Amino acid sequence: AVKGTLRFQVSAALREGQITPTELCQRCLSLIKSTKFLNAYITVTEETALKQAEESEKRFRRGQPLGVLDGIPVAVKDNFNTAGIETTCASNRLKGYISPYNATVVQKLLDQGAVLVGKTNLDEFAMGSGSTDGVFGPVRNPWSYSRQYKEKSAPKSHSEDKESEWVIAGGSSGGSAAAVSSFTCFAALGSDTGGSTRNPAAHCGVVGLKPTYGLISRHGLIPLVNSMDVPGILTRCVDDAALVLGSLAGHDPKDSTTIQDKFKPFELPNLPDVSKLSIGIPKEYHAPGLSSEILALWSKAADLFKSAGAKVTEVSLPHTRYSIVCYHVLCTAEVASNMARFDGLEYGHRSDMNKSTESMYAATRREGFNAVVRGRILSGNYFLLKQNYENYFVKAQKVRRLIAQDFGKVFGSGVDVLLTPTTLSQAAPYTEFIKEDNRTRSAQDDILTQAANMAGLPAINVPAALSERGLPVGLQFIGRSFQEKQLLTVAKWFEKEVKFPMIQLEEVKRHDHGVFQHQKSASFS
């Protein structure tokens, strides 16, 4: 049951009484404990989850389930507010902070009867691309412990060398991706500002959907970049992503950026014929650093569509080469503004420094933020200085408009969906990844994903194949604004054609050696 798809297997098993919500919840909680070494969760909400499962069970007995998500275990990235449960953003700044309200997306999941099993790990305040920079330690990619990876990785003689072989989960939603990949939940929420859902989805071999900006409410998502942040969805198949999207999308009076039109949930059709599709291949996404293995996979995927009758054409997005620099300026500028609220007065960590209000502010922010967050705040404030504002921030906004217009021209020419790589390479070993600083890594890892955020377009990672080292590699589909059904239908067809293998996790209990003891119990108030 824990390895089934949400829509067609698990929900049906619950309805038919083959398994109860409590049994399903207990199995997922047991897997969370036996995969604790992955460090995917910051808080495990065992008591709350079992109570929710019990209530779900009562509804099933009455024959009145709330919907397809009733009784389904889910996880939420720890930058979404959850009433009565600690929300830390993987930071010292918010350690111990308990929100008085639920984020809209969390509330919608609960209203559908979903069972919240925990809050997942991330880079501090979602600033990173590896899930390695949070105060609770790095997230380990479940594929590091898969039979597929072990069979293809070179044997080491020393146990410490063996231990250092594990690879990163990607970021910043690495905890959510690892949680879904390791079967500890069926769906998880991430956030996506420049690729933070799609990047870890590619590395962990799961589906990662970034919806159109404004389709899902951001209310209760602790903001990084207001103009680009989107709640992301991580699942094990495209159908499940569509199901969760249907539960979350729509107008929210608490978020003025959400669409006014009513959203109608949809089921994805099986696409027997792709001959009427036009697939665009942006030549600018053949970026420096793109591995030969991913390039070959990208070409193979294009040939797959072509051989099935689709029209496949090379297209140009000329301002793409400026996008990562533009993104850096806009991202840090908004970060500087958003982080100003963490002054130590209202909530979260407050320094004991009491010489003056100014010294308390400075000490609180120095103690509460790591070097990555402080660096982005400094960069953003530099770009927003009066003498720099026109040359950096305003100019970046103009380039952002040109990037959005590039996409508009391509889609206006008849292209239905763009096909690109998601990442430049497969997941890197942790020891290699940390040799470069966060800013360098983020610039490299966001290069293929952040343009969709700046244009506000929907995009999805679909697992495509295993690399020569036995690690997942994903490809990205980018669609027209608010055309999620078309995008997901194409993604589902591709998913069915490539038949990505299921992870074969081995000896998970052997690794349960009591590390990462920060995991806590929590319950709703």
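The values are calculated or read from the model by the stated rules, or taken from the named source; none is laboratory data. Note that the structure is predicted; figures quoted are calculated from it, not measured. When we count neighbours, we look across all protein chains shown, and the Cβ atoms used for this are built from the backbone with ideal geometry, even at glycine. Note: areas computed on protein heavy atoms with side chains; ligands, DNA, RNA excluded. Shrake-Rupley method; radii C 1.70, N 1.55, O 1.52, S 1.80 Å.
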(message) Run the simple label-point estimate for LYS499 and GLN397 please: 7 Å along Cα→C-beta, distance reported in nm.
(response) 5.3
(request) Quote the FRET efficiency, to the nearest 0.05, computed for ARG59 versus SER359 with a Förster distance R0 of 56 Å and r equal to the Cβ-Cβ distance. (result) 0.55
(message) If each residue of separation counts as 0.36 nm, what is the full-extension length gain between ASN92 and VAL325 once their alpha-carbon separation is subtracted?
(response) 81.0 nm
(request) Please give the calculated 222 nm ellipticity per residue for the chain, where each DSSP H segment of at least 4 residues contributes -39500 (n - 2.57) and the sum is spread over every residue; nearest 500 deg cm²/dmol? (result) -11000 deg cm²/dmol
(request) Order the peptides 384-390, 10-16 from the highest to the lowest mean number of other Cβ atoms within 10 Å of their residues. (result) 10-16, 384-390
(request) Using packing as a proxy for protection, rank 46-53, 337-344, 302-309 so that the peptide with the highest average count of other Cβ atoms within 10 Å comes first. (result) 46-53, 337-344, 302-309
(request) Specify the inter-centroid distance of the range 341-371 and the range 168-231, based on alpha-carbon positions, in whole Å. (result) 29
(message) Out of the chymotrypsin sites (Phe, Trp or Tyr not before Pro) in the range 82-151, which ones are loop residues according to DSSP with at most 16 other C-beta atoms within 10 Å?
(response) TYR97, TYR101
(request) Provide the percentage of antiparallel DSSP beta bridges, counting only those with both residues in the chain; round to the nearest 5. (result) 70
(message) Lysine pairs in the range 43-176 with Cα distance under 21 Å, only those 8 or more apart or on different chains: how many are there?
(response) 11
(message) Explain nothing, just the number: dipole magnitude of the range 179-336 about its Cα centre with +1 on each Lys and Arg Cβ and -1 on each Asp and Glu Cβ, in debye rounded to the nearest 20.
(response) 200
(request) With only Lys, Arg, Asp and Glu charged, each at its Cβ (+1 for the first two, -1 for the last two), find how big the charge dipole of the chain is about the Cα centre; round to the nearest 20 debye. (result) 460
(request) Rounded to the nearest 0.05, what FRET efficiency do GLU432 and GLU468 give with R0 = 22 Å and r taken as the Cβ-Cβ distance? Could you check? (result) 0.85
(message) Considering just Cα atoms, how many Å³ per residue does the convex hull of the range 402-459 enclose?
(response) 87
(message) I need two numbers for the range 37-179: Rg to one decimal and Dmax as a whole number, Cα atoms only, in Å.
(response) 17.6, 58
(message) How many angstrom lie between the Cα centre of the range 52-91 and the Cα centre of the range 422-482?
(response) 29
(request) Return the FRET efficiency for the residue pair ASP343, ARG439: r is the Cβ-Cβ distance, R0 is 22 Å, and the value is rounded to the nearest 0.05. (result) 0.35
(request) Pull out the extension gain between LYS300 and LYS264, defined as 0.36 nm times the separation in residues minus the alpha carbon to alpha carbon distance; nm, one decimal. (result) 9.5 nm
(request) Please grab the % of Cα pairs in the chain that end up more than 45 Å from each other. (result) 9
(request) May I ask you to list the trypsin sites (Lys or Arg not before Pro) in the range 413-515 that are in a DSSP loop and have at most 13 other Cβ atoms within 10 Å of their Cβ? (result) LYS435, LYS499
(request) Write down the accessible area per residue of the chain in Å², having rolled a 1.4 Å probe over the full set of protein chains. (result) 39
(request) Multiply the residue gap between THR257 and TYR389 by 0.36 nm, knock off their C-alpha separation, and tell me the result in nm, one decimal place. (result) 45.0 nm
